[in-house]
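Okay, structure first, notes after.
Any read-out appearing in this document is the output of simple, stated calculations on the displayed coordinates, not a laboratory observation. Keep in mind that this is a model prediction, so the values were computed, not measured. As a convention, Cβ positions derive from the backbone with ideal geometry for all residues, glycine included, and neighbour counts pool all protein chains shown.
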Amino acid sequence: MGKNISIIGAGFGALTAARSLRKLDASARITMIAPQPEFIYLPSLIWLPSGKRKAQDLVVPLDKFLRENDIQFVAAEANGLADGGRSVLTGTGAVGNDGLIIACGGRFIKKLPGIDLAILPCEGIAPVERLRTRVAELESGTIALGFAGNPNEPTAMRGGPIFEFLFGLDTQLRREGRREKIKLVFFNPMPKPGNRLGEKAVERLMGEMKRREIATHLGHKMVGFEPGKVKTEGGEFAADIIVFMPGMTGNAWFDATTLPRSPGGLLQADAHCRVPGRECTYVVGDSGSFPGPDWMPKQAHMADLQATAAAANLLAEWQGLPVTATFKVELICIVDAIDHGTLIWRTARHNWLLPSSRWLHWAKRGFERHYLRQYR
Ligand SMILES: Cc1cc2nc3c(=O)[nH]c(=O)nc-3n(C[C@H](O)[C@H](O)[C@H](O)COP(=O)(O)OP(=O)(O)OC[C@H]3O[C@@H](n4cnc5c(N)ncnc54)[C@H](O)[C@@H]3O)c2cc1C
């Protein structure tokens, strides 16, 4: 009988790991553990406020994928591990395994005073639907959008989507003839936010803000939020709607395990996605902290590359073969503005930036369709 593998999560990393395992080992018994048997395509959240996408467009039921790939599904949240990782504890019981891949995404740090007043758009569909409603209701005023990092781990953050929400809202409000009555402000504690994208990209994004008459409040440590207000050490400003993406950290349930953690609270991983010191235990995607350059992104694309390596390594480890698969570090994103997009592509060898074009917006939509087809 094939080996018994558990995968925690049903997002980008988890699904790619499952597909790779099935391709490499037809006899493996694969169990996926996640709250719902559905995949949420988070990158297209940026199109909810304008109505270009509806919630149901982003949610893919996984029944067909699970059936076709002979994968068992346990609808539960992991809340701990036992037997050195050979058992995943959940609210509905323990799930045993011979090997484990953890792919349960990230969590946002919510320590800033007044954080409940902000909309955290990367937490999924519900907050972005709230943003859409609030924007629709706002007759005049200010929408402030910003992001921050994890002070203990500079790579544990994601800023790209905030630029997309910002430019997307600008385009939307202009289309609706409301932009003159609604001010947009971008805030960030860094003087040069988004520098992981590369210096030229930051210049381009800041230039784009100027061109679109988006005000900026940069380089001041965040103090907190109050009703109608963003407060920083460099002063405060009025905001009717606050959209904020805090730095990332590890999931709360990691605290109930003895798994090694990075300075920022994520699960420590080596270059092969292995959790150091643990047998047959791997981590991929936003849950993990991986060795590599300081610009390594927290992106779906990285989760996919890591998941492919983790699947190959887990099977090699069982067979007593050397664990050699690594993943390429690649930042690739199209910063979309509803009708135009800018491509930023960074690897160890190059850092390219393509001029904003309509074609790139359509490329982002084409990629979405292509990606989702494999699970629909
Ligand atoms: C608005 C937005 C735009 C983005 N744009 C891009 C982009 O253009 N390009 C790009 O590459 N990336 C983009 N990203 C980033 C990308 O979505 C993430 O990096 C990616 O989702 C990470 O994949 P993951 O598998 O680690 O986690 P996720 O995709 O977040 O999946 C985590 C899974 O784990 C499950 N889970 C959580 N807790 C538990 C638990 N305790 N037990 C079991 N299951 C659990 C969740 O339900 C989910 O199924 C964007 C993100 C956002 C929010």
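Quick notes on this one:
- Restricting 365, 376, 278 to residues that are free of Cβ contacts under 8 Å to residues at least 60 places away in the same chain and either within 19 Å of the chain's Cα centre (by Cα) or outside any helix (DSSP H, G or I) (or both) narrows the list to 365.
- Verdict on residue 53 being free of Cβ contacts under 8 Å to residues at least 24 places away in the same chain, under 29 Å from residue 158 (Cβ atoms) and touching a Ser or Thr at 6+ places or on another chain (Cβ under 7 Å): yes
- Considering the conditions (1) in contact with a strand residue (DSSP E or B) (Cβ under 8 Å, 6 or more places away or on another chain); (2) within 14 Å of the ligand (Cβ to nearest atom), residue 43 is excluded by exactly one of them, (1).
- For region 299-322, a residue qualifies if it is surrounded by 19 or more Cβ atoms within 10 Å (Cβ to Cβ) and not in a helix (DSSP H, G or I), and exactly one does: 299.
- Going through (1) surrounded by fewer than 19 Cβ atoms within 10 Å (Cβ to Cβ); (2) of a type outside the set (A, V, I, L, M); (3) in contact with a helix residue (DSSP H, G or I) (Cβ under 9 Å, 6 or more places away or on another chain) one by one, residue 236 falls short only on (3).
- Scanning region 17-40 for residues that are part of a loop (DSSP other than H, G, I, E, B) and within 15 Å of the ligand (Cβ to nearest atom), we see that the one that is surrounded by the most Cβ atoms within 10 Å (Cβ to Cβ) is 37.
- Qualifying residue in region 124-143 (condition: in contact with a strand residue (DSSP E or B) (Cβ under 6 Å, 6 or more places away or on another chain) and closer than 23 Å to residue 356 by Cβ): yes
- Residue in region 46-55 that is of a type in the set (Phe, Trp, Tyr), within 15 Å of the ligand (Cβ to nearest atom) and out of contact with any Lys or Arg (no Cβ under 7 Å at 6 or more places or on another chain) present: no
- Breaking point among (1) over 27 Å from residue 20 (Cβ atoms); (2) β-branched (Val, Ile, Thr); (3) more than 22 Å from the chain's Cα centre (by Cα), for residue 338: (3)
Condition check ((1) under 14 Å from residue 314 (Cα atoms); (2) within 21 Å of the chain's Cα centre (by Cα); (3) in contact (Cβ under 8 Å) with a residue 12 or more places away in the chain) across all residues:
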site	(1), (2), (3)
245	no, yes, yes
252	no, yes, yes
256	no, no, yes
263	no, yes, yes
270	yes, yes, yes
284	yes, yes, yes
290	no, yes, yes
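- If you go through region 323-360 and keep only what is in contact (Cβ under 8 Å) with a residue 40 or more places away in the chain, under 13 Å from residue 205 (Cβ atoms) and in a strand (DSSP E or B), you end up with 333, 335, 336, 342, 344, 353, 356.
- Strands (runs of 3 or more DSSP E) lying entirely in region 132-241 (those with 2 or more residues that are of a type in the set (A, V, I, L, M, F, W, C)): 141-147, 182-188, 215-218, 222-226, 235-238
- Pick from region 107-130, criterion assigned to a loop (DSSP other than H, G, I, E, B) and surrounded by fewer than 23 Cβ atoms within 10 Å (Cβ to Cβ), ranking: farthest from the ligand (Cβ to nearest atom): 113
- Output for region 6-16, where each listed residue is of a type outside the set (Val, Ile, Thr) and either away from the ligand (no atom under 13 Å from the Cβ) or not in a helix (DSSP H, G or I) (or both): 6, 9, 10, 11
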